Amino acid sequence: MEAALSAFLEFLSEEQGYSGNTIAAYRNDLGQLISFLQRLDTPVTHWSQVNDRLIQAFVIDLRNREYASSTVARKVAALKSFFHHLHDKRIIHDDPTLELNSPKVKKQLPKSLTEEEISRLLAAPPGDDTPKTLRDRALLSMLYATGMRVTEVVSLSIGNVNLDEGAVYCLSQDNRPRRLPLTERAYQALASYIADGRPELLRDPDEVALFLNHRGERLTRQGLWLIIKVYAREVGLEEDVTPHTLRHSFAAHKISEGAELREVQRLLGHANVSTTHIYAQMASEQDQTR
């Protein structure tokens, strides 16, 4: 049984290109099934002996051990993938997971901040005009004003900013550019950073990155995440605030203000409007709590 499992994991790695973490998760989930089968009164010694009744018993055992529905769903997906592979390789004649359904997992709404919490966060950088403060003001205000993904923000170059238009241009995940208008606050913060902050941080005149770290290099995803975390803690925000929290907040607040779903989809760079629908639900729940 272990040999078939090892061959399956090698298939996932070599032919499917799965990551090491994903392979480890499959090994854990399927290894758990092997342990269950070997603890039975009549231990199972070959995969062909596994039937749908034993699979159902394993899933019930997982639920009795109070695994979260999302965890059970992941393990069920691993079982179905494994037994489908065994059937394809003719190691088994019948797939015992064909009628196996994954437990329904309730989707959690993304975390967002209230408008009052956003105001506190945007006001968090100190009142001085050091290069770092100017950068951080521009970062925070632009993240909330545009709803950009963290990768999109750190990938911006100075040429992506058009202050005459009051807009930023960034590439979506499909490599198509989208125009994102700036709020007055974001415009002023970004203009001040470009005029007075970025030149002080710049070390290499050929560097084109918009947002720079203290070494004059392009700010990283981790660096941006840490900046937000520090300011969120300073203003007493208890939630785990990340760059994506500002993206979620931007979208939910836009819809609460009456923006059309298609327009929010365009601003966020979603390929399908169904992805944007979740923010309408968030906006509705926020409105109910006011």
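Some points to look at:
- Between segment 159-224 and segment 22-47, the alpha-carbon center distance in angstrom: 52 Å
- Once the Cβ-Cβ distance of Leu163 and Glu263 is raised to the sixth power relative to R0 = 30 Å, the FRET efficiency obtained is 0.85.
- Along each principal axis, Cα extent of segment 1-147, largest first, Å: 73, 34, 23
- Local electrostatic count at Pro131 - Lys and Arg +1, Asp and Glu -1, tallied over other residues with Cβ under 13 Å: +1
- With R₀ set to 45 Å, the beta-carbon distance separating Ser48 from Ser172 gives a calculated FRET efficiency near 0.40.
- Note: segment 2-88, Cα convex hull, 94 Å³ per residue.
- Theoretical gain in end-to-end length, Thr22 to Lys111 [0.36 nm per residue, Cα-Cα removed]: 29.5 nm
- Taking a Cβ cut-off of under 12 Å around Asp29, the surrounding Lys, Arg, Asp and Glu residues balance to a net charge of +4, with basic ones at +1 and acidic ones at -1.
- Sum of -39500 (n - 2.57) over DSSP H runs of 4+, divided by residues of the chain (222 nm, nearest 500): -17000 deg cm²/dmol
- Length gained when the stretch Asp240-Ser13 is fully extended (0.36 nm per residue, less Cα-Cα span): 78.4 nm
- Two-site label geometry, Asp41 and Thr183: point separation in nm, points 7 Å out along Cα→Cβ: 6.7 nm
- Pairs of Lys in the chain closer than 21 Å at Cα, counting only those 8 or more apart or on different chains: 9
- Cα-based Rg and Dmax for the chain, where Dmax is the largest Cα-Cα distance (Å): 25.2, 77
- Full extension of the chain between Lys229 and Gln281 yields a length gain of 16.1 nm, computed as 0.36 nm times the residue separation minus the alpha carbon distance.
No value in this document is a laboratory result; all are computed from the given coordinates. In this text, all values refer to a predicted model and were calculated from it rather than measured experimentally. Heads up, the Cβs are rebuilt from the backbone with ideal geometry, glycines too, and the neighbour counts pull from every protein chain shown.
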